[in-house]
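See structure below.
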Amino acid sequence: MDWRRTKTIFIITFLILNVFLVFQILEKRKNNQLEILAEASMEEQFNVDEISYGQLPKAPDKASYISGNSYVFTEEDTKKLTEKGQKAEIVEDIKLVSTWEEPIPLPEMNMITRLETIFKEELLFGEKYEFWGFNPQTKSLIFFQQYDGKNIYSNDSAMVVAYLNDLNELISYEQTFIVDTEKMDVEQDVISVLDALYNLYNTGDLKPGSEVGNVKLGYYTLVDYTNSHVLIPTWHIVVNEEEDFYVNAFEGSVIKKDKRTLE
């Protein structure tokens, strides 16, 4: 064996490897600098147009689609609710409509805390929902189901609508629920909130003088059959306390925008 030749080959190989690693480091540094410059440019543009926002949540590096199926309510479920002083009926298998025999009074203070307690004690899967808002026109309280601590937004198959009487007492509710929720195999990069805001700005949805309020990462329905659902990670962004925007957290496109009617 020619050790001198072998040694030379090893030296050349290591030199090539070092050059490659240096190139990778420089390229990564360049990309990081470009991202910083891009963010600075966006922030400067927002400052010029007087678009304000508070502390923005940090996006996870990656996330997955999730899938699930509508829960099919059973007679056993209605029996459990009867024992709790409710008259419940099943509508088209996947919706439960229930009325309390005696209205439940709600306090003026700490109402949400009280509602959470009532849900845990009175509803099936009650701990899986989070309060969303109040609709004064229908005197209804809206709750969204959660997955992994994040809201499933505006999905008729994953919510509770509770109704009040004129004395602001709970009298009835409608419930749907998604089960068998699990992450799908493919993970993708999640865009930052700033990128989502900039996309809203480019589409004309985020106008000069706007104030960005609550921002949360949740899920929005991508595919919605009668019993099967596919949900995509989504940024929910409230603008000027009157508009709800749902932005695809993978691609940045606006999924939906609503005039906020809840108070």
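The values are calculated or read from the model by the stated rules, or taken from the named source; none is laboratory data. Treat the numbers as computed from the prediction; the structure is a model and nothing was measured. Reconstructed Cβ throughout: ideal geometry from the backbone, glycine too, with neighbour counts over all protein chains shown. In case anyone asks, the SASA skips ligands and DNA or RNA and just uses the protein heavy atoms, side chains included. Shrake-Rupley method; radii C 1.70, N 1.55, O 1.52, S 1.80 Å.
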(message) Report the gain in length on full extension from VAL254 to ASP224: 0.36 nm times residue separation, minus Cα-Cα distance, nm rounded to one decimal.
(response) 9.0 nm
(request) Using a cut-off of 14 Å between beta-carbons, work out the net charge of the residues near ASN165 (Lys and Arg +1, Asp and Glu -1, ASN165 not included). (result) -3
(request) Compute the signed sum of charges (Lys and Arg +1, Asp and Glu -1) over the other residues within less than 12 Å, Cβ to Cβ, of GLU102. (result) -1
(message) What is the sum of charges, Lys and Arg at +1 and Asp and Glu at -1, for the other residues whose Cβ falls under 13 Å from the Cβ of ASN151?
(response) 0
(request) Grab the Cα-Cα distance for VAL179 and ILE118, subtract it from 0.36 nm times how many residues apart they are, and report the gain in nm with one decimal. (result) 19.8 nm
(request) Starting from the range 122-219, pick out the trypsin sites (Lys or Arg not before Pro) whose DSSP state is loop and whose Cβ has at most 16 other Cβ atoms within 10 Å. (result) LYS139
(request) Principal axes first, then extents: for the Cα atoms of the range 167-263, list largest minus smallest coordinate on each axis, whole Å, largest first. (result) 47, 43, 18
(message) Using 0.36 nm times the number of residues separating GLN55 and ASN135, minus their current alpha carbon distance, what extension gain do you get?
(response) 26.0 nm
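Return one whole number: the accessible area per residue of the range 213-263 in Å², for a 1.4 Å probe.
48
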(request) With a cut-off of at most 15 other beta carbons within 10 Å, and DSSP calling the residue loop, which GluC sites (Glu not before Pro) in the range 44-83 qualify? Please list them. (result) GLU50, GLU83
(message) With equal scatterers on the alpha carbons only and no solvent term, can you work out the Debye log10 of I(q)/I(0) for the range 128-205 at 0.16, 0.17, 0.23 1/Å?
(response) -0.79, -0.84, -1.03
(request) With a Förster radius of 30 Å, plug the Cβ-Cβ distance of ASP93 and GLU169 into 1/(1 + (r/R0)^6) and report the FRET value to the nearest 0.05. (result) 0.50
